[in-house]
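For reference, the structure discussed in these notes is given below.
Every number here is computed from the coordinates shown, using simple stated rules; none is lab data. For clarity, every value in this text was computed on a predicted model and none was experimentally measured. A quick note on method: Cβ atoms are made from the backbone with ideal geometry, for glycine too, and the neighbour counts reach across all protein chains shown.
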Amino acid sequence: MRAVVLLSGGLDSATTLAIARQRGFSCHTLSCHYGQRHEAELTAARSVAVALGAAEHRELEIPLGQFGGSALTDPAIAVPEQGGAGIPVTYVPARNTVLLSFALAWAEVLAADAIFIGVNAIDYSGYPDCRPEFIAAFQRVMALATKRTVAGGAIRLEAPLIGLGKADIIRRGVDLGLDHAMTVSCYRADDRGRACGRCDACRLRREGFAAAGVADPTRYV
């Protein structure tokens, strides 16, 4: 079995890759440079792909940053240090829709059986494209939009973390032998991959390790 796994270099996507490998998939990992300010995650993704035995790792340039509209792609918008009501400014418009579209194209060429994405709708920042409704809707798009599925084949969209809290995700990674120190989650990580310790991603990650009773291996500035 083959799978395309979207790999950002963060904790969730690395755990998703470990799960896909455990399920017996030959994993083809895909990372995307979409204009994010925290490019250290791409370096982390390369390390994770090698460590977890990806059959192939590719990186795409997808210039979502040209549109701006997010604190992750527009340097004029500050990354907030406190959560608030509503969808935060760290949301990147249409990001998961775009990334899954590229993953789907590669999956069809590979004759892959599945696409894995590490979205989570429990301990998360409230992004609309991380919800179960979005995953279900994109599965329907996949069924309509590809030659393989129209011809009677199937490509499954797998989101194995979507109903797990961050602590459970961390425990699952430990069970699978994942080295969390390789991963970078911070929205403002420096060039060496060190985390700021103050952004929403850092908060969720730090609280997750504490709740899991697992030592936090994150390198902070």
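Odds and ends about this structure:
- The stretch 1-94 shape via C-alpha gyration tensor axes, a/c threshold 1.5: prolate
- Three-way shape call for the stretch 115-163 based on the alpha-carbon gyration tensor, with the a/c threshold at 1.5: prolate
- Label point distance in nm, Glu207-Val50, each placed 7 Å from Cα along Cα→Cβ: 3.5
- Local electrostatic count, Gly197, Cβ distance below 13 Å [Lys/Arg +1, Asp/Glu -1]: +2
- Mean residue ellipticity at 222 nm, helices only, the chain: -11500 deg cm²/dmol; runs of at least 4 DSSP H residues each add -39,500 (n - 2.57), and the sum is divided by the number of residues.
- Placing a label point 7 Å from the Cα of Arg156 along the Cα-to-Cβ direction, the residues of the stretch 104-133 whose backbone N falls under 13 Å of that point are 113-117.
- Taking other C-beta atoms within 10 angstrom as a stand-in for reagent exposure, Lys166, Lys147 fall in the order Lys147, Lys166, fewest first.
- Considering only Pro160, Pro63, Pro93, the mean-square fluctuation computed in a Gaussian network model of the chain, springs between alpha carbons under 10 angstrom, is largest for Pro63.
- Zone of Met1's modelled label, taken as backbone nitrogen in the stretch 43-78 under 17 Å from a point 7 Å along Cα→Cβ: 54-55
- Least to most buried among Met1, Met182 (fewest other Cβ within 10 Å first): Met1, Met182
- Cβ-based net charge around Ile162, under 15 Å, with every Lys or Arg adding one and every Asp or Glu removing one: -2
- P(r) weight above 25 Å for the stretch 2-212, C-alpha pairs, percent: 33
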